[in-house]
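Read through the structure below, which is laid out as structure tokens, and then see the notes.
All of the numbers you see were taken from the coordinates with simple rules; none came from a lab. From a predicted model like this one, the values you see are computed outputs, not experimental measurements. Cβ: placed from backbone, ideal geometry, glycine included. Neighbour counts: every protein chain shown.
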Amino acid sequence: MAGPRTPLLRPDRYFSERSPRLAHAAIVVAVVAVASAVGIAVFLDQFAAALDTTVTVDNPAYPGDSFCEDPAFEETPRGCDEPPTVERQLGSMVAQELSWLPIAVAVIVPLWWLWQAVVLHAAGSVAGGSGSVGEALPVAGWGMAPSLLRLVVVLGFAVRQLRSVSVPDDPENALAVLQSAIAGIETVGLLAVLVVAVWAGAIRTYGLADSHGLPVSRAAAAVVVLTLVGFLFELG
């Protein structure tokens, strides 16, 4: 009988029967990076659609009263026929200001993979293992796959809440209503983190034990410590 093709369901059998390929782990990380970036983009789009209220802002095409009303100018400066203020959709403004986030996430995820591999290797070395950072890379890559579950759960909850809320016209009240609507996202995210931590922890435990020649119990202890440290960052 052929062994499992990925370590997602039976990491113990997977790592005991084969050596994980770096290319496969890199594909997993790429999928996580793209999915995370798309998830952020979807959230920003839904947030902008929900925050369908307008605000009055300065018109960037209008040079300003100091130029348009200054008699020293022989000719009226360009743009003085524009209105001093214009109406803008608040949601679109917020989404535009945060439009850099999807690209930043797509870049950060691979860097986070490399960092996790270094940390996982260091933990394995402290526990008495003899592997290398290169051997920890596939383990760290596959350990990131369960984070897709958290992304789906949190994003699904947020989109559902945003689509079900009625936002008032007043900008301050509109923001307060949206904040209230997605207030439960932290609780949902924390529950998802717990599930993902156990799932990813199993993958990392058996992967670290195999790649660094450690007993499973000692590898599990190292992974538990790293997971607890990660929880502290999440709660912080």
Checklist entry - Averaged over all directions, how much area does the convex hull of the C-alpha atoms of the range 185-236 cover when projected, in nm²? => result 3.4 nm²
Item to check | Dipole magnitude (debye, nearest 20) for the range 133-236, charges at Cβ of Lys, Arg, Asp, Glu | outcome: 380 debye
Item to check | Listed residue (Phe157, Ser130, Ala145) projecting farthest to the positive dipole end of the range 1-158, Cβ model | outcome: Ser130
Checklist outcome for this item: Interchain or sequence-distant (5+) residues whose placed amide H lies within less than 5 Å of the amide H of Thr54 are Leu90
Checklist outcome for this item: Over the range 25-178, the quotient of the Cα radius of gyration and 2.2 N^0.38 Å is 1.63
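For the chain, list the DSSP H helices whose alpha carbon atoms reach 30 Å or more along the long axis and whose average Kyte-Doolittle value is 0.5 or above?
Counting only whole DSSP H runs, the qualifying helices are 22-50, 101-126, 185-211.
Send over the per residue convex hull volume for the range 91-212, Cα only, as a whole number of Å³.
Values: hull volume 13.7 nm³, N = 122.
Enclosed volume per residue, from the Cα hull, is 112 Å³.
For the range 149-227, what is the convex hull (Cα atoms) projected area averaged across all directions, in square nanometres? Show your work: numbers first, answer last.
Values: hull surface 25.4 nm².
The number I arrive at for the range 149-227 is 6.3 nm².
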Item to check | Fraction in percent of alpha-carbon pairs per bin - 10 Å, the range 1-49 | outcome: 23, 32, 22, 16, 7, 0
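Once fully extended, how much extra length lies between Asp81 and Glu97, figured as 0.36 nm per residue of separation less the alpha-carbon to alpha-carbon distance?
On the way: separation 16, 0.36 × 16 = 5.76 nm, distance 2.76 nm.
That pair, Asp81 and Glu97, stretches by 3.0 nm at full extension.
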Item to check | Whole-angstrom gap from the range 1-60 to the range 84-135, using each part's C-alpha centre | outcome: 11 Å
